[in-house]
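Let me begin by presenting the structure, written as structure tokens, before commenting on it.
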Amino acid sequence: MLSIENMAVCAEQEVLIPVKGSQINNLAALSLHISYDTINLRFIGVTNITPQLTELQFGLNMNPYPNIGVAWSSLNPVQFSDNKLFDLKFYLKSLYSPVTFLPTCQLADLSLQSIEAVYSNGGVTNNAPVILNQPDNRKTVVGGMVAFDVEATCEQFQWQESRDGGTTWVTLQENSIYTGVTTAQLSIHNIAQSFNGYFYRCNVVTGNCLLNSANALLTVEASNGLNDPEGSFLNTIKVIPNPVISMAGIQFKANRTGKFSWILMDCLGNPIEKRESDIIHTGIQNLSFDLSYLKLGIYFYRIAFVTSDGTYGTTGKFIKRAE
């Protein structure tokens, strides 16, 4: 058998396609004609030729249509049990491109008798990820939370942040501010005014192919009074007692109707539990949580208050101690 391998690579790069031989005995001459898609592939040459095929020759034929001609002969027959004969070197422009043997291919032994063989075709697949939906610009207020989403056909996600208008980018790490940094949705919590004007993008990766999403702008506005000293959610929130033995109380003053959520994380930022409340109305709020099940140590929490004006949140930490 002679076979052309199937390869998956990124578009707009060079690719080596192996041509292999198996169960071929007493081979003394070969004449191959291999066609390819000239729209999506550009032929560069034949390389990595096995030493058994010394003085192998190749060229590009244009009649009756473009094909690669490969020829070799020797007075010393060779055998191929399962070996690569050579690589076809192409430049892949974009889409899937077949590479096929033409019916004129021939193998012969030393007496010039034809050697029967099965010819198996292959090709090149563009393995680059495809972004189906780009992340949109987001707007929030100081202390708020936003989520950027991307939809893509890929194996991995990695979000990045730019603080200079997209000139330089920093790969984000999971912590109490950024969550979902290696997923299709990046969430940013307890946003400071300094984040205004930052850009976010996602690197989507399949194999060794990487594609950057479009840049999404974050706009941070004033918090419509929810952050003022007269009694906002962020300025009045307390977790008591701290350190915690078993029961923890969360107290805050709400001047909007909304819904409260609490995410408890370990010291590495891994979520432990999430709780949500029913609708909370304005006024002083007192909520309690049983934390007696926690091991001793340091914990972080992320608290959000979702209102019709936006999402407002903060993060903090507490210590779980023994009695």
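The values are calculated or read from the model by the stated rules, or taken from the named source; none is laboratory data. Keep in mind the model is a prediction, meaning the values are calculated, not measured. So basically every Cβ, Gly included, is an ideal-geometry build from the backbone, and we count neighbours across all protein chains shown.
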Checklist outcome for this item: Quick count over the stretch 1-15, residues being modelled with pLDDT of 95 or more and hydrophobic (A, V, I, L, M, F, W, C), is 2
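Scan the stretch 62-81 and tell me whether some residue there is in the same structural domain as PRO98 (by TED's automatic domain parsing), hydroxyl-bearing (Ser, Thr, Tyr) and under 20 Å from VAL124 (Cβ atoms).
Restricting attention to the stretch 62-81, the residues satisfying the condition of being in the same structural domain as PRO98 (by TED's automatic domain parsing) are 62-81.
Those left that are additionally hydroxyl-bearing (Ser, Thr, Tyr): 65, 73-74, 81.
If we keep only those that are under 20 Å from VAL124 (Cβ atoms) as well, we get 65.
Yes, the stretch 62-81 contains at least one residue that is in the same structural domain as PRO98 (by TED's automatic domain parsing), hydroxyl-bearing (Ser, Thr, Tyr) and under 20 Å from VAL124 (Cβ atoms).
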Checklist entry - For ILE284, are the conditions met, namely being hydrophobic (A, V, I, L, M, F, W, C), surrounded by 11 or more Cβ atoms within 10 Å (Cβ to Cβ), modelled with pLDDT under 85 and in a strand (DSSP E or B)? => result no
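With LYS259, LYS274, LYS253 as the choices, which residue is at pLDDT below 85, of a type in the set (Lys, Arg) and out of contact with any helix residue (DSSP H, G or I) (no Cβ under 6 Å at 6 or more places or on another chain)?
Details: LYS274 fails: at pLDDT below 85; LYS253 fails: out of contact with any helix residue (DSSP H, G or I) (no Cβ under 6 Å at 6 or more places or on another chain).
On inspection, the qualifying residue turns out to be LYS259.
Look through VAL99, VAL141 and report the one residue that is among the aliphatic types (A, V, I, L, M), touching a Phe, Trp or Tyr at 6+ places or on another chain (Cβ under 8 Å) and not assigned by TED's automatic domain parsing to the domain that holds ASN26. Please lay out each step first, then the result.
Working: VAL99 fails: not assigned by TED's automatic domain parsing to the domain that holds ASN26.
Of VAL99, VAL141, the one residue that is among the aliphatic types (A, V, I, L, M), touching a Phe, Trp or Tyr at 6+ places or on another chain (Cβ under 8 Å) and not assigned by TED's automatic domain parsing to the domain that holds ASN26 is VAL141.
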Checklist entry - Using beta carbons and a limit of 8 Å, which pairs, at least six apart or on different chains, have the first residue in the stretch 22-40 and in contact (Cβ under 8 Å) with a residue 12 or more places away in the chain and farther than 12 Å from MET62 by Cα and the second one among the aromatic types (Phe, Trp, Tyr) and surrounded by fewer than 17 Cβ atoms within 10 Å (Cβ to Cβ)? => result ASN40/TYR96
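Could you identify the single residue in ILE24, ILE44, ILE17 that is of a type outside the set (Gly, Ala, Ser) and loosely packed, with under 14 Cβ neighbours inside 10 Å? Reasoning before the result, please.
Numbers: ILE24 fails: loosely packed, with under 14 Cβ neighbours inside 10 Å; ILE17 fails: loosely packed, with under 14 Cβ neighbours inside 10 Å.
Criteria check complete, one pass: ILE44.
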Checklist outcome for this item: Wholly inside the stretch 55-169, strands (runs of 3 or more DSSP E) that include 3 or more residues that are in contact (Cβ under 8 Å) with a residue 40 or more places away in the chain, of a type outside the set (Ser, Thr, Tyr) and under 26 Å from ILE39 (Cα atoms) are 67-92, 97-101, 122-126
Next on the checklist: Can you find, within the stretch 125-176, the residue that is surrounded by the fewest Cβ atoms within 10 Å (Cβ to Cβ) among those that are touching a Pro at 6+ places or on another chain (Cβ under 7 Å) and not hydrophobic (A, V, I, L, M, F, W, C)?
Outcome noted: THR153
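Here is a yes/no grid of residues against (1) farther than 27 Å from LYS317 by Cβ; (2) assigned by TED's automatic domain parsing to the domain that holds ILE303; (3) modelled with pLDDT of 90 or more:
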| position | (1), (2), (3) |
| --- | --- |
| ILE191 | no, no, no |
| PHE195 | no, no, yes |
| TYR198 | no, no, yes |
| ARG201 | yes, no, yes |
| THR206 | yes, no, no |
| CYS209 | yes, no, no |
| ASN227 | no, no, no |
| LYS238 | no, yes, no |
| ASN242 | no, yes, no |
Item to check | Members of the stretch 22-54 that are part of a strand (DSSP E or B) and among the hydroxyl-bearing types (Ser, Thr, Tyr) | outcome: SER22, SER31, SER35, TYR36, THR47
